[in-house]
Amino acid sequence: MKPILKFEQVSKNYPNGVHALKGVSFEVQEGEFISIIGPSGSGKSTLLRAINRLIPISGGTVWLDGQPVSAQRGRKLRELRCKAGMIFQNYNLVYSLSVLQNVLHGRLGYMRGVKGVFGMYSEEDKQEALDLLEELGLSQFAYNRASDLSGGQKQRVGIARAIMQKPRLLLCDEPIASLDPSSAKTIMDLLHSMTQKRNIACIVNLHQLDVAVRYSTRIIGLSKGEIVFDGAPEDLDDSAIERIYGTSRENLMMGGNADDKEDTAHCA
Amino acid sequence: MNMNSDENIVMLNPQRKLIRDAQKTKGRIPVKCRQRNRFIPCFLAGVVVLSVLSLFYLEIDWGKMVSRVPDIGEVFWQLAHLDFANMDLILSSLVETISIAVLSLLYSLLLGIIFGMLAARNIFRIPLLSVLTQSFFTFLRAVPTPVWVLLMLVCLGMGPEAGVAGLCVHTTAFFTKSFAQSFESIPDETIEALEVTGAGRLSIFFNAVLPAALSQIVAWAGMRLETNFSECAILGMVGAGGIGYVISNSLQGYDYGTAGTAILLVFLVAYCIERLFVRIKKRF
Amino acid sequence: MTKKIPLIAHDLKKLYTGFLIAAVVLFAVTSILTEFNIFTLISNGDAFWSFLTEDFLPPALPKASRIPGVLSSVVVTLALAMSATTVAAILAFFVSLFGSEKVSPFPQFAKVVRGFATFLRNIPALVWAFILFSSLGIGTGVGFVALCITSFAFMVRAFVETMEDVSQDCVESLQAVGATFPQRVAQAILPSCLSGFLSWFLYCVEVNIRASTIVGMVGGGGVGLTLFSYIKSFQYDVALSIILLVAVMVIVVDQITARLRKEILK
């Protein structure tokens with residue numbers, strides 16, 4: 001099977017001398033649900049943003065759906081970006097616009113010129129956005145300002161916007177870091193079910209080890225810009241954790257019992 | 001863009017059925033918020049209309065202006081030929097300007113704290129006093145600084161006194177208003193708590209209100225220093241001394257080199273004050 | 001109440017003490033440099049007061065034939081401030097889009113744009129007026145351009161800061177969606193920053209009402225010129241009534257902008 005995403009010796013040096021990524025290589029297949037874990041500053045965010053070139057990389061190649069991302073400019077780049085939806089820690093909505101308008105932003109990549117600028121979306125797109133909001137349980141908020149929503153609801157709008165892009169790949173940058181535990185579970189469940197249903201590969205940056213183990217089909221551990229672990233959640237043993245976080249398991253705040261294999265199997 | 005008010009009324013009910021109904025009748029799904037700020041479009045339209053009317057009223061001779069645009073380039077070219085021959089005059093007037101700015105700022109700080117105390121409603125709790133002080137300083141603030149300096153020039157004669165006094169009027173008025181605001185933002189409970197201990201009005205002010213407002217006072221002062229310097233730099237142009245006088249005098253005498261040097265120095269000082277203020281602001 | 005409990009932290013106290021010392025030193029130095037002595041000023045106060053009461057008070061109206069001229073000069077000042085601010089705001093909006101690394105499509109030029117604005121801003125409006133007078137000649141048009149330059153530069157800075165505060169995040173998300181630059185501007189920056197921009201615009205109108213009076217004094221026309229001519233011809237009592245007129249104008253405009261701002265930020 002052709003990989004949807006391929007990193008080839010990708011590196012990133014910031015102008016201030018920080019080497020955020022050092023020769024990172026991996027492949028992502030269709031339908032995978034990958035968690036990227038690692039301490040703050042290990043390059044998780046940079047890795048995710050290298051995929052849709054929100055951050056230009058300094059070396060190596062990122063292949064998205066068979067095309068090199070770093071070589072693209074202008075329209076070609078925007079077309080590639082359509083294929084990767086993105087969800088942010090701070091939701092990154094336009095809070096003064098309606099929820100529906102925010103969801104429809106997902107279509108902007110497919111629209112040209114004046115139509116996109118003035119937000120003249122097609123009726124099919126609008127209908128689809130409304131259906132999507134219903135699926136996410138937000139239909140009664142479609143015409144509210146995005147600022148009126150709670151954190152969990154805002155993140156659901158973020159998911160809807162990303163899904164509206166009809167992406168092949170979903171990038172989630174710490175989607176639950178600003179949420180309370182109950183909303184966090186809703187969001188992770190939604191992410192999981194929506195991507196499985198639509199056969200979208202999903203890459204999630206996470207701080208919560210237990211969540212990573214519970215939901216993902218594969219875990220990538222980053223430390224100081226290098227991949228130090230890449231495997232199934234079952235294989236994430238204490239020595240792997242120590243390699244990633246530089247400290248033993250006892251020193252980490254663990255939300256749940258990661259050894260609960262039954263639970264993991266059930267969810268996966 | 002693609003909805004009008006009728007659709008919007010239909011949309012007040014967010015239920016899907018109604019949305020579908022709207023679709024049937026209009027064939028369009030609205031996308032915008034239910035409660036938007038309808039005032040902003042009206043405001044924008046008003047501003048545009050007023051500005052266009054203003055431009056017509058001013059009857060600016062654009063043709064003549066445009067035809068002289070090449071002269072601007074010429075003037076800038078000559079200004080760029082910096083002339084350091086009159087450097088002692090420029091420097092001494094620059095120092096004078098800075099001194100006037102700083103001195104008026106310091107005097108106004110003191111006066112501002114005193115009058116701010118009178119103007120704040122929560123210190124002495126004499127409403128009439130606050131209202132009187134505030135309206136008096138509102139008047140002083142409404143008149144631009146150079147006007148005060150001109151008046152002081154008339155009253156006090158040429159010299160830095162007129163500059164300091166004139167700048168003080170406006171700066172004190174500004175400080176009074178902003179300090180009073182800062183004092184009033186102190187929660188009433190704090191003051192009440194001290195009142196219960198039997199502390200006098202003045203001691204409450206100096207022990208509780210002033211220290212709490214100190215960081216804001218420093219911020220206001222830094223902000224005002226920028227304004228005061230640029231005000232001070234232009235005072236010379238209306239007849240007071242300082243760097244402004246050097247600039248306007250040498251421009252009128254076609255001594256562009258000297259003017260260019262003076263303008264550059266004004267820019268550098270203003271820029272330094274701005275950077276300094278940004279630094280100070282970061283510390284708080 | 002025996003032991004004094006410090007109300008502020010120790011290092012903060014040190015900072016304030018530093019400021020106090022700096023203030024005292026500056027006070028001494030500048031007092032010597034300018035030879036400004038508050039006591040001589042107060043001791044000469046009698047002359048000051050007699051001057052004030054004899055020459056200025058009571059305010060007198062200008063000759064009846066000149067009243068329409070005075071009123072129309074007020075309108076000129078208002079029109080000058082209004083149109084200059086609007087033109088400057090429109091230009092500033094487009095330029096500020098390129099002034100922030102986070103938003104601009106050409107981040108490498110953002111510093112240049114901001115530096116240019118800093119340069120324009122830190123030279124007072126009146127200096128610009130004088131530079132322009134010597135190339136374009138005296139007139140309302142020059143006052144207009146001078147006001148435009150400074151308020152343009154001020155608004156570029158204010159708009160860039162507003163944008164970085166408010167819309168940095170949503171610009172990023174629209175970038176990820178594959179939106180073009182004009183789409184990002186119209187769909188993310190404008191809706192989220194418009195009220196902030198307008199609030200700064202109103203502030204600039206307030207500032208420009210005062211500034212246009214001053215630019216008028218040196219040849220830009222309007223009520224400033226009228227006032228200046230009365231002062232120059234020693235008609236101080238008439239000048240005082242015009243000062244009162246200016247004060248009323250400024251206060252009324254301030255009241256209106258305060259109301260409008262409240263509506264906009266609702």
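The values are calculated or read from the model by the stated rules, or taken from the named source; none is laboratory data. None of the values given here were measured: they were computed from a predicted structure. Using ideal geometry, Cβ is built from the backbone for each residue, glycine included, and neighbour counts are taken over all protein chains shown.
Suppose we filter B:Asn228, B:Asn249 for residues that are more than 9 Å from every other protein chain (Cβ to nearest Cβ) and in contact with an Asp or Glu (Cβ under 9 Å, 6 or more places away or on another chain); which single one remains? Walk me through it before giving the result.
Details: B:Asn228 fails: in contact with an Asp or Glu (Cβ under 9 Å, 6 or more places away or on another chain).
After applying the criteria, what remains is B:Asn249.
Rundown of residues vs (1) more than 19 Å from the chain's Cα centre (by Cα); (2) crowded, with 22+ Cβ neighbours inside 10 Å; (3) at negative phi; (4) free of Cβ contacts under 8 Å to residues at least 60 places away in the same chain, yes/no style:
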residue	(1), (2), (3), (4)
C:Ala125	no, yes, yes, no
C:Phe130	no, yes, yes, no
C:Ser135	yes, no, yes, yes
C:Gly139	yes, no, no, no
C:Leu174	yes, yes, yes, yes
C:Val177	yes, yes, yes, yes
> If you scan region B:168-218, which residues turn out to be within 13 Å of chain C (Cβ to nearest Cβ), assigned to a helix (DSSP H, G or I) and free of Cβ contacts under 8 Å to residues at least 12 places away in the same chain?
Replying inline: B:Ala193, B:Val196, B:Ser203, B:Phe206, B:Pro211, B:Leu214
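Only one of A:Gly158, A:Gly137 is part of a loop (DSSP other than H, G, I, E, B), not aromatic (Phe, Trp, Tyr) and not assigned by TED's automatic domain parsing to the domain that holds A:Gly231; which?
Working: A:Gly158 fails: part of a loop (DSSP other than H, G, I, E, B).
A:Gly137 is the lone residue from the list that is part of a loop (DSSP other than H, G, I, E, B), not aromatic (Phe, Trp, Tyr) and not assigned by TED's automatic domain parsing to the domain that holds A:Gly231.
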>> Looking only at region B:148-167, how many residues end up being at the interface with chain C (Cβ under 10 Å from one of its Cβ atoms) and closer than 17 Å to C:Arg210 by Cβ?
In response: 3
>> Suppose the filter is part of a helix (DSSP H, G or I), of a type in the set (Gly, Ala, Ser) and in contact with an Asp or Glu (Cβ under 7 Å, 6 or more places away or on another chain); does B:Gly257 pass it?
In response: yes
> Within region B:89-133, how many residues turn out to be touching a residue at least 60 places away in the same chain (Cβ under 8 Å), crowded, with 17+ Cβ neighbours inside 10 Å and either of a type outside the set (Ser, Thr, Tyr) or within 22 Å of B:Glu195 (Cα to Cα) (or both)?
Replying inline: 20
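Just to check your reading of the model, which residue among C:Ala188, C:Ala158 is in the same structural domain as C:Gly99 (by TED's automatic domain parsing) and surrounded by 23 or more Cβ atoms within 10 Å (Cβ to Cβ)?
Details: C:Ala158 fails: surrounded by 23 or more Cβ atoms within 10 Å (Cβ to Cβ).
None of the other options fit; the residue is C:Ala188.
Okay, residues lined up against (1) over 30 Å from A:Leu104 (Cβ atoms); (2) of a type in the set (A, V, I, L, M); (3) within 12 Å of another protein chain (Cβ to nearest Cβ):
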| residue | (1), (2), (3) |
| --- | --- |
| C:Ala89 | no, yes, yes |
| C:Leu97 | no, yes, no |
| C:Phe119 | yes, no, yes |
| C:Ile123 | yes, yes, yes |
| C:Leu126 | yes, yes, yes |
| C:Ala129 | yes, yes, yes |
| C:Phe152 | yes, no, no |
| C:Asp169 | no, no, yes |
| C:Val177 | no, yes, yes |
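Just to be sure before I move on: is A:Tyr91 aromatic (Phe, Trp, Tyr) and either assigned to a helix (DSSP H, G or I) or surrounded by fewer than 22 Cβ atoms within 10 Å (Cβ to Cβ) (or both) in the structure I sent? Can you show your working first?
Working: aromatic (Phe, Trp, Tyr): yes; either assigned to a helix (DSSP H, G or I) or surrounded by fewer than 22 Cβ atoms within 10 Å (Cβ to Cβ) (or both): no.
So A:Tyr91 does not fit the description; no.
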> Just one of B:Ser135, B:Ser92 is more than 20 Å from B:Ile234 (Cα to Cα) and within 14 Å of chain C (Cβ to nearest Cβ); which is it?
Replying inline: B:Ser135
> (1) part of a helix (DSSP H, G or I); (2) out of contact with any Cys (no Cβ under 8 Å at 6 or more places or on another chain); (3) of a type in the set (Gly, Ala, Ser); (4) under 20 Å from B:Ile90 (Cα atoms): which one isn't true of B:Gly222, the others all being true?
Replying inline: (4)
>> I'd like to know if region B:99-108 contains one or more residues that are assigned by TED's automatic domain parsing to the domain that holds B:Val238, among the aromatic types (Phe, Trp, Tyr), part of a helix (DSSP H, G or I) and more than 29 Å from C:Gly139 (Cα to Cα).
In response: yes
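Could you pull out the residue among A:Lys44, A:Lys2 that is of a type outside the set (S, T, N, Q) and more than 19 Å from A:Leu206 (Cβ to Cβ)? Quick ask: steps written out before the conclusion?
Numbers: A:Lys44 fails: more than 19 Å from A:Leu206 (Cβ to Cβ).
A:Lys2 is the lone residue from the list that is of a type outside the set (S, T, N, Q) and more than 19 Å from A:Leu206 (Cβ to Cβ).
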> Do you know which residues across region C:77-113 are under 19 Å from C:Phe197 (Cα atoms) and among the charged types (D, E, K, R)?
Replying inline: C:Glu101, C:Lys102
